[in-house]
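Here is the structure we will look at, set down as structure tokens.
The values are calculated or read from the model by the stated rules, or taken from the named source; none is laboratory data. Please read these numbers as outputs of a predicted model, since none were measured by experiment. A quick note on method: Cβ atoms are made from the backbone with ideal geometry, for glycine too, and the neighbour counts reach across all protein chains shown.
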């Protein structure tokens, strides 16, 4: 096996944690999860706001780390996003 083939093969077996791949998101897991679940469901912030009763600008602030989500909001959001509320805390 050539050295370049060995390198490719060894790299394929290597797995990376999310923190290794995206260190800029460390400590922002809830914010990233909120946006990811909303995107997965195909919802805009406005649509999510309408279905949860949480103002759209609050959802924007939560996604951008300017407002904490909190347990009660996490439960409302999780119901609308079909996920476990603990993923949003």
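Structure summary
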{"quantity": "Residues (surrounded by 15 or more Cβ atoms within 10 Å (Cβ to Cβ) and in a loop (DSSP other than H, G, I, E, B)) located in the range 65-85", "calculated": "67, 69, 83"}
{"quantity": "Odd one out for residue 2, checked against (1) under 22 Å from residue 86 (Cβ atoms); (2) at pLDDT below 95", "calculated": "(1)"}
{"quantity": "Number of the exception - residue 52 against (1) crowded, with 18+ Cβ neighbours inside 10 Å; (2) under 15 Å from the mean Cα position of the chain (by Cα)", "calculated": "(2)"}
{"quantity": "Checklist (1) surrounded by fewer than 14 Cβ atoms within 10 Å (Cβ to Cβ); (2) at pLDDT 95 or above; (3) part of a helix (DSSP H, G or I) applied to residue 47, failing item", "calculated": "(1)"}
{"quantity": "Scope the range 20-38; condition surrounded by 11 or more Cβ atoms within 10 Å (Cβ to Cβ) and assigned to a helix (DSSP H, G or I); matching residues", "calculated": "25, 29, 30, 31, 32, 33, 34, 35, 36, 37, 38"}
